[in-house]
Amino acid sequence: MDNPVIILGANGLGKAAKEIFESHEIVIFGFLDDNKSLHNAEIGDVSVLGSTTDDGYLKYIGKKCQAFVAEDNNTARKSMVKVLNDRRKVMPVNAIHSQAYISSSAHIGHGNFINAGVTIGANAKIESHCLLHANSVIDFDVEIGEYVQIGAGSIIGSSAKIESEVFIGSGATIVSGVTIEKGARIGAGSVVISDVSKGDTVFGNPAQPIKK
């Protein structure tokens, strides 16, 4: 990837993405963020140019620039991805730290954030728009859907299936072969030894559903 990158989102995730791209000597064209108080500010030596829907800057994406969506709220993230798909007919690029390890047989989609120390094993499948934080481990044959967030230091055992929009807190362990259904939430430090149903929140060791 040789073209400069526009980062949508100037928060902490955006700053982390900036460092990842710059570590690969990729130029950051600028940030776009919907917080008007940040407009014209600088993060390092990179300016916050305008909002994430500003066609004056979006027009460069797909021609002169790539784009990365740096937003950890799934609703906002989906909205920004939709803007890129609809207006620019492009998908966001991946931000992959130089100190992450990805097996040559793993499949990685679009727009993923993969931080330092992440390990992705053989034949693992990561769909698009996921956030894999520092030192998380995705073992072999794991399947991860779209818009999944995996906290720092979490371990996903071999052949586990993580469906779309799942949130896994820092330091959690998902044992081999477990399925976490769409939209479930796993508390930090939890050990999940059995399947988790759609939309459930579980916590503890072993993880148990939290009553609503």
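The values are calculated or read from the model by the stated rules, or taken from the named source; none is laboratory data. Worth saying up front: this structure is predicted, and the values here are computed from it rather than measured. Cβ atoms come from the backbone with ideal geometry, glycine included; neighbour counts cover every protein chain shown.
For I174, state whether it is touching a Leu at 6+ places or on another chain (Cβ under 7 Å) and either of a type outside the set (S, T, N, Q) or surrounded by 20 or more Cβ atoms within 10 Å (Cβ to Cβ) (or both).
On the way: touching a Leu at 6+ places or on another chain (Cβ under 7 Å): no; either of a type outside the set (S, T, N, Q) or surrounded by 20 or more Cβ atoms within 10 Å (Cβ to Cβ) (or both): yes.
In short, no.
So, in region 151-208, how many residues would count as being without any contact (Cβ under 8 Å) to a residue 12 or more places away in the chain and in a loop (DSSP other than H, G, I, E, B)? Total satisfying the criteria: 0. Being closer than 20 Å to S190 by Cα and either free of Cβ contacts under 8 Å to residues at least 60 places away in the same chain or among the polar types (S, T, N, Q) (or both) is the requirement here; does V81 meet it? So V81 does not fit the description; no. Of G30, G9, G50, all but one fail to be small (G, A, S), in contact with a His (Cβ under 9 Å, 6 or more places away or on another chain) and under 19 Å from V83 (Cα atoms); the exception is G50. Note on region 41-58: residues that are closer than 22 Å to S79 by Cβ, touching a residue at least 24 places away in the same chain (Cβ under 8 Å) and part of a loop (DSSP other than H, G, I, E, B) total 2.
Go through region 130-150 and give me each residue that's touching a strand residue (DSSP E or B) at 6+ places or on another chain (Cβ under 7 Å) and assigned to a loop (DSSP other than H, G, I, E, B).
Of everything in region 130-150, those that are touching a strand residue (DSSP E or B) at 6+ places or on another chain (Cβ under 7 Å) and assigned to a loop (DSSP other than H, G, I, E, B) turn out to be C130, H133, S136, D139, V142, G145, V148.
So which residues in region 19-44 are of a type in the set (D, E) and closer than 15 Å to L8 by Cα? Give the derivation first.
Pass one, region 19-44, residues of a type in the set (D, E): 19, 22, 25, 33-34, 42.
Within region 19-44, E19, D33, D34, E42 qualify.
Considering each residue of region 53-69 in turn, at least one proves to be within 26 Å of G183 (Cα to Cα), among the aromatic types (F, W, Y) and outside the structural domain of I150 (by TED's automatic domain parsing).
Number of residues in region 23-56 that are under 19 Å from the mean Cα position of the chain (by Cα) and surrounded by fewer than 15 Cβ atoms within 10 Å (Cβ to Cβ): the value is 2.
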